[in-house]
Amino acid sequence: MTDQQTTALSTMLLCLADDEYIIGHRMSEWTGQGPIIEEDIAFSSMAQDELGHALGFYTLLHELGADDPDTLVFTRDASAYRNSIFTEQPRGDYAWSMMRQFLYDGAETERLGALATSAFEPLRDLAVRMLQEERYHWMHNATFVRRLALGTEESRLRMQSALTEAFPFALGLFEPYDGEELLVAAGIAPAEDHLRRRWLDRMCPLLEEYGLKVPAHRDGDNWRVDAAPVLGGRQGRHTEHLLGILDAMHVLRSADPDAVNW
Amino acid sequence: MTDDELLARFEARIDRGEKIEPGDWMPERYRSGLIRMISQHAHSEIIGALPEGAWIPYAPTLKRKMTLIAKVQDEVGHGQMLYRAAETLGITREEMIDQLLTGKATYSNVFNYPAETWADVALIGWLIDGAAIVNQTKLLLGSYGPYARAMERICFEEGFHLKQGYDAICVLMAGTPSQRAMVQDALNRWWWPIMMFQGPRDKDSVHSAELLRWKVKIKTNDELRQEFLTKFVPKILAFGLVIPDPELRFHEETKEWTFTEPDWDEFKRVIRGGGPMNKERLGVRRLAHESGRWVREALDAFVREGRAA
């Protein structure tokens with residue numbers, strides 16, 4: 001790999017790792033607070049998976065020369081985080097969290113599917129392992145989104161409003177990052193635009209089947225989006241919601257800066 | 001068969017070490033005693049998720065964060081298993097949760113104290129889960145089949161909780177002076193709630209005798225407390241920690257511990273809702289329950305209207 005490719009790969013890994021870490025953090029906010037015990041357990045379980053994926057990506061990044069995972073996670077300021085603004089949004093009601101997870105895991109499934117054929121072998125191996133877990137996320141999320149979208153009038157309204165609100169944010173998952181074209185040319189990573197198209201093809205018909213109105217319409221073979229994507233995360237621009245997460249994470253370490261181990 | 005004959009047969013089965021199963025004849029007080037105990041146990045797991053769960057966002061490393069989520073998830077899972085075990089006795093999960101939220105049911109007092117620092121989280125994992133294991137390994141031998149079987153899996157998972165708590169304490173005790181001080185401070189605050197964890201002294205315990213005969217309980221509260229001390233005091237002292245009870249002593253000749261009695265009036269006060277965190281804990285549960293109502297209604301409607309494929 002050339003130096004430029006390594007830099008681009010590190011940038012992409014940081015985007016993915018930060019997405020996984022931040023959404024894992026948000027999901028764990030349901031631990032002990034779920035609407036039913038079974039969902040409490042499911043969200044805790046998926047949160048651990050996402051944090052585990054984050055650890056996998058951070059570890060790979062570390063092997064490419066970056067700091068160790070804990071240093072990366074616990075010492076960076078918000079502007080150094082590359083997660084999409086989507087993942088840092090507050091957990092909201094259960095409809096919002098469930099819809100976010102559905103949209104996010106749909107994107108992750110597409111991305112990992114593409115990375116499973118990456119020319120960079122360590123990334124390929126990691127993606128194959130993660131995909132196995134994502135299969136369960138997908139089954140869980142699709143089951144619940146369908147049931148809640150078709151359940152009662154209230155649940156339908158909540159799911160619709162979650163979808164309408166979340167959709168522009170979700171598009172931010174496909175925001176271009178620096179060096180993307182180098183990785184695409186080398187067969188290391190898929191083009192974000194390609195992922196976005198596959199994601200729209202996967203998600204939009206399903207959501208319509210569940211009776212929800214998607215902020216997009218068919219245009220020939222493609223889906224044309226009727227909402228402006230919320231971008232910025234991949235360039236280190238964030239909402240204040242990320243600050244809240246990072247503040248909490250820094251509390252113990254900043255109270256005792258001499259402590260080496262926790 | 002008369003009730004006396006049924007009872008004699010029931011007790012003979014228990015004496016032979018047989019398990020009682022859901023459809024079997026059982027005295028009403030066995031059933032109600034079990035429901036009270038199992039549901040209280042389930043509530044303790046659900047409420048017990050809160051003090052540690054509150055620390056998940058603050059966990060100081062990736063590993064600790066993932067471990068803590070897994071641990072709290074287990075507790076919630078134990079709650080689920082225990083509610084199911086209790087349901088085999090003719091009460092629904094909804095009824096039990098209602099009893100919890102309306103303050104009719106009780107749960108372990110220990111969760112009505114605040115987890116003020118990160119060391120509290122470590123100490124809870126080590127000593128409170130440790131105390132729970134002392135109880136629960138006995139309940140494995142209990143006479144009611146569904147409860148005893150739930151306990152097998154629960155004990156297995158509690159073993160992991162204990163290890164992660166102990167590991168966190170080890171790291172803090174090998175750390176900076178302020179990390180060590182944080183552990184000592186946690187021990188100072190939690191010692192007395194922990195000493196009350198096994199419940200009132202035998203001479204003040206209202207339910208014990210009959211439940212012991214029927215192997216709903218296996219050991220008395222005092223016996224469990226002694227066993228906890230034997231198991232954990234040496235480990236606590238090995239860290240160089242100071243137990244805040246100058247009267248705590250082991251007597252070789254009787255193989256028993258003597259100690260300052262915890263404040264049993266406080267115990268009663270907290271059980272009746274007067275602990276530092278009772279309102280907060282139930283408040284969080286009530287809010288979660290109310291906010292989740294639309295989800296439960298939607299899932300019910302989906303099934304009722306035959307959409308479940």
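Of everything in region A:6-65 that is in contact with a Lys or Arg (Cβ under 6 Å, 6 or more places away or on another chain) and more than 12 Å from every other protein chain (Cβ to nearest Cβ), the residue that is farthest from A:Asn141 (Cα to Cα) is A:Leu14. Go through region B:262-290 and give me each residue that's open to solvent by 80 Å² or more (accessible area, probe 1.4 Å) and either among the charged types (D, E, K, R) or farther than 30 Å from A:Pro35 by Cα (or both). B:Asp265, B:Lys268, B:Arg269, B:Arg272, B:Lys279, B:Glu280, B:Arg286, B:Glu290 - these are the residues of region B:262-290 that are open to solvent by 80 Å² or more (accessible area, probe 1.4 Å) and either among the charged types (D, E, K, R) or farther than 30 Å from A:Pro35 by Cα (or both). Counting only residues that are acidic (Asp, Glu) and out of contact with any Gly (no Cβ under 9 Å at 6 or more places or on another chain), which one in region B:254-300 is nearest to A:Val145 (Cα to Cα)? Step by step, filter region B:254-300, then rank; the result is B:Glu290. When the residues of region B:61-73 are filtered to those that are touching a residue at least 24 places away in the same chain (Cβ under 8 Å) and surrounded by 22 or more Cβ atoms within 10 Å (Cβ to Cβ), the one that is farthest from B:Trp118 (Cα to Cα) is B:Lys71.
It is to be established whether one or more residues within region B:203-211 are in contact (Cβ under 8 Å) with a residue 24 or more places away in the chain, within 14 Å of another protein chain (Cβ to nearest Cβ) and open to solvent by 10 Å² or more (accessible area, probe 1.4 Å).
Start the filter on region B:203-211 by keeping residues that are in contact (Cβ under 8 Å) with a residue 24 or more places away in the chain, which leaves B:204, B:207, B:210-211.
In the following step, the residues that additionally are within 14 Å of another protein chain (Cβ to nearest Cβ) were identified as none.
Looking for residues that are in contact (Cβ under 8 Å) with a residue 24 or more places away in the chain, within 14 Å of another protein chain (Cβ to nearest Cβ) and open to solvent by 10 Å² or more (accessible area, probe 1.4 Å), one finds none in region B:203-211, hence no.
Of the helices (runs of 4 or more DSSP H) contained entirely in region A:1-111, those carrying at least 1 residues that are within 18 Å of B:Met66 (Cα to Cα) and open to solvent by 30 Å² or more (accessible area, probe 1.4 Å) fall at A:37-63, A:69-75. When A:Glu175, A:Glu133 are checked against the criterion of being within 16 Å of the chain's Cα centre (by Cα), open to solvent by 60 Å² or more (accessible area, probe 1.4 Å) and touching a residue at least 60 places away in the same chain (Cβ under 8 Å), a single residue qualifies: A:Glu133.
The single condition from (1) away from every other protein chain (no Cβ under 14 Å); (2) in contact with a Phe, Trp or Tyr (Cβ under 9 Å, 6 or more places away or on another chain); (3) closer than 23 Å to B:Cys155 by Cα that B:Glu18 fails is (2). Among residues of region B:282-303 that are within 7 Å of another protein chain (Cβ to nearest Cβ) and assigned to a helix (DSSP H, G or I), those with a beta-carbon under 6 Å from a residue that is open to solvent by less than 90 Å² (accessible area, probe 1.4 Å) and of a type in the set (Ser, Thr, Tyr) at least six positions away or on a different chain give the pairs B:Trp294/A:Ser155; B:Val295/A:Tyr94; B:Glu297/A:Thr152; B:Ala298/A:Thr152; B:Ala298/A:Ser155; B:Ala301/A:Thr152.
The test for being more than 14 Å from chain A (Cβ to nearest Cβ) and either at pLDDT 95 or above or part of a helix (DSSP H, G or I) (or both) holds for B:Glu11.
The values are calculated or read from the model by the stated rules, or taken from the named source; none is laboratory data. Worth saying up front: this structure is predicted, and the values here are computed from it rather than measured. Ideal geometry is used to build each Cβ from the backbone, glycine not excepted, and the neighbour counts take in all protein chains shown. In case anyone asks, the SASA skips ligands and DNA or RNA and just uses the protein heavy atoms, side chains included. Shrake-Rupley method; radii C 1.70, N 1.55, O 1.52, S 1.80 Å.
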